[in-house]
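Before anything else, here's the structure in question.
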Amino acid sequence: MRSSQFSAAVRAAAGSITLLTLAACGGKAQGPGGMPPAQVTVVTLKTAPVTLQRELPGLVSARQVAEVRPQVSGIVKRVLFREGGQVGAGQGLYELDDAVYQVALRSAEAARMRAQAGYDTAKRSAERGSELIKNHMISVQDNDNLQSALHQGEADLATAQAVADSARINVEYAHITSPISGRIGKSAVTAGALVVANQPDPLARVQMLETVYVDLTQSSGEWLQLQQELAAGGKAGGQSEVHIKLEDGSDYPVAGQLQFSDVSVEPGTGSFLLRVLVPNPKALLLPGMFVRATIVEGELPSGLLAPQRGITRDPKGNATAMVVGAGNKVELRNVTTARALGDQWLVASGLAAGDRVIVEGLQKIQPGMPVQPAEAAAK
């Protein structure tokens, strides 16, 4: 009797558990092994205007560079500037010993004065000869000789004047000045050094840094890809602003302007040059500094962006996405991406507006499985 009562109690308890289980399931679709559908987070794709921009590596260069070289030989008497300081156009930089050039100048001036005196004498004689020939008081030959002597004296004076001017220029060249305004670097020589006219090594270098160039390099492949994207319905960018990022990752506070794109591709690298003019009032950008620049290339009126965390790649590098399809079942899509824009991919094919791309829960799903999707919170 006790045994039959116990069996009846067990059957009643089992029936209660079964009823509770069915009630908990509530008639929902079952996953593998009778488990409820996996919960996933999705992002519903939408089309929107997309600004096409590219971040490119760049190298800073001075807008103007002047290498200071001596045009006459001599011993440096004084260095007239402070290394690293600002100099103006025409400001004295070096003073050479000009004693030899001063002597040559005085000698040339004396020769010019001698030629001037000879010219004056010949001129007066020629004028008198012109009057005498009218009264037939001298022969034609004598008058011709007087006129020829005048022309000879004029040529001698011009030659002496040129020699004097050359000597004066050499004296001026002994005082070396800056050809442009800008910041000057270190001096290659000190007082007492011998410098040679037109030597290959500069004495110093002056660079104009109020505005600088940032030279960017873009591959021809990227340029062709951009043209294809714009041909799909976009429009090219104009003289847009270019934003610079410094080596430490910080943003440069002043925007630059794109000046021009080169008209030829470098055969060795397959890239071409873009030159940006950037104001540099605080001299934060120095020649030779590497930076990165973001340049606007064009706009797409209806681009499709997908979150990068929803796009995966197989061992061959092909992009795929898991999408919640009809009946809330998982579908695998092959995707073609054009470029990365922040934390999103610009989709070229494989996805469309309205597709629900799974971004969370990917590790627990497979194609064909039913899922319970929930829209991700908007940023």
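Would you point out the residue of region 175-195, among those that are in a loop (DSSP other than H, G, I, E, B) and among the β-branched types (Val, Ile, Thr), that is surrounded by the fewest Cβ atoms within 10 Å (Cβ to Cβ)?
THR190
Of all residues in region 255-307, how many are in contact with a strand residue (DSSP E or B) (Cβ under 6 Å, 6 or more places away or on another chain), polar (S, T, N, Q) and outside any strand (DSSP E or B)?
1
If you take the residues in region 42-72 that are crowded, with 16+ Cβ neighbours inside 10 Å and not in a strand (DSSP E or B), which one is nearest to the chain's Cα centre (by Cα)?
ARG69
From the list ALA155, ALA164, exactly one residue is over 17 Å from GLU67 (Cβ atoms), surrounded by 14 or more Cβ atoms within 10 Å (Cβ to Cβ) and modelled with pLDDT of 95 or more. Which is it?
ALA164
Can you find a residue in region 167-174 that is without any contact (Cβ under 8 Å) to a residue 12 or more places away in the chain and surrounded by fewer than 16 Cβ atoms within 10 Å (Cβ to Cβ)?
yes
I'm trying to understand the selection: among the residues of region 128-148, which are outside any loop (DSSP other than H, G, I, E, B) and surrounded by fewer than 12 Cβ atoms within 10 Å (Cβ to Cβ)?
Pass one, region 128-148, residues outside any loop (DSSP other than H, G, I, E, B): 128-134, 140-148.
Matches in region 128-148: GLU131, LYS134, VAL140, GLN141.
Every residue in region 196-220 that is within 22 Å of VAL87 (Cα to Cα), more than 15 Å from the chain's Cα centre (by Cα) and either of a type in the set (Val, Ile, Thr) or part of a strand (DSSP E or B) (or both), please.
Residues satisfying the conditions are ALA204, ARG205, VAL206, GLN207, MET208, GLU210.
Which condition breaks for LEU351 when tested against (1) assigned to a loop (DSSP other than H, G, I, E, B); (2) surrounded by 19 or more Cβ atoms within 10 Å (Cβ to Cβ); (3) not assigned by TED's automatic domain parsing to the domain that holds GLN39?
Among (1) assigned to a loop (DSSP other than H, G, I, E, B); (2) surrounded by 19 or more Cβ atoms within 10 Å (Cβ to Cβ); (3) not assigned by TED's automatic domain parsing to the domain that holds GLN39, the lone unmet condition for LEU351 is (3).
Let me confirm something: among ASN318, ASN328, which residue is farther than 30 Å from GLN259 by Cα, touching a Pro at 6+ places or on another chain (Cβ under 7 Å), surrounded by fewer than 19 Cβ atoms within 10 Å (Cβ to Cβ) and not β-branched (Val, Ile, Thr)? Even if it seems obvious, please write down each step before you answer.
Values: ASN318 fails: touching a Pro at 6+ places or on another chain (Cβ under 7 Å).
Unique residue meeting the criteria: ASN328.
When you scan region 78-100, do you find a residue that is of a type in the set (Gly, Ala, Ser) and either crowded, with 16+ Cβ neighbours inside 10 Å or in contact with a helix residue (DSSP H, G or I) (Cβ under 7 Å, 6 or more places away or on another chain) (or both), even just one?
No, that holds for no residue.
Only one residue in SER107, SER125 is modelled with pLDDT of 90 or more and under 30 Å from SER73 (Cα atoms). Which one?
Checking each option against the conditions leaves just SER107.
The values are calculated or read from the model by the stated rules, or taken from the named source; none is laboratory data. Please read these numbers as outputs of a predicted model, since none were measured by experiment. Reconstructed Cβ throughout: ideal geometry from the backbone, glycine too, with neighbour counts over all protein chains shown.
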